[in-house]
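The values are calculated or read from the model by the stated rules, or taken from the named source; none is laboratory data. From a predicted model like this one, the values you see are computed outputs, not experimental measurements. Here Cβ is always computed from backbone atoms with ideal geometry, including for glycine, and neighbour counts include all displayed protein chains.
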C-alpha cells in the first residue's frame, strides 16, 4: 500500500542545531572561564586590568577555536552522519564577520580593531558576538571535515612529512 521510502541523508535540523551549537557553546564556555579568572583575580585583591589582561586576551583568541575543534571532534565521533553537514557550519559565521568588518570599516575605522582585540566593557561585544563564535565555527567545521588527518596523509604521500 505504501511504497514511498524516505532517503536517509543530511537533515536541515542537524545543520540548524550544529549552526547554533558550534559557535555558541565554545564562546559561552570561554566567557565562563574568563569570568572565573577575573573573579579569582579580584578575590585575591589584584586589579584584573594589570595582571590578568594578557591571560584574558589570550583566552579570547585561543579558547574558542580549541573548544570548537574539540566539540567538532566529539560530535563527529558520536554522530558520524552529522559530519556531512557539520563541515559547512563555518559559512554563515564567516559571512557575518565579513559583513561586520565592512560595516565597521565604512563607518568608524578605528573600531575595526575591536572586532579583533577585545577590551573590557561594551567594547568587547563585537568580538564576543561575531569574531569569537566565528573562530569556534571554523574550527568546528575543520574538525568535522577531518582536515588535519587529510593534510597529514597528503604530506606523507608526497614525502614532505615523515
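Condition first: modelled with pLDDT of 85 or more and exposed (fewer than 12 other Cβ atoms within 10 Å of the Cβ). Now tell me which residues in region 99-131 satisfy that. The answer is 99, 102.
Among the residues of region 71-93, count how many are loosely packed, with under 15 Cβ neighbours inside 10 Å and under 19 Å from residue 27 (Cα atoms). Count: 3.
All of (1) farther than 12 Å from residue 22 by Cβ; (2) in contact (Cβ under 8 Å) with a residue 60 or more places away in the chain; (3) surrounded by fewer than 20 Cβ atoms within 10 Å (Cβ to Cβ); (4) touching a helix residue (DSSP H, G or I) at 6+ places or on another chain (Cβ under 7 Å) hold for residue 61 with one exception: (4). Residues being assigned to a loop (DSSP other than H, G, I, E, B) and at pLDDT 75 or above are represented in region 134-157 by at least one member. Residue 21 - would you say it is modelled with pLDDT under 90, within 15 Å of residue 136 (Cβ to Cβ) and surrounded by 14 or more Cβ atoms within 10 Å (Cβ to Cβ)? No: the conditions fail for residue 21.
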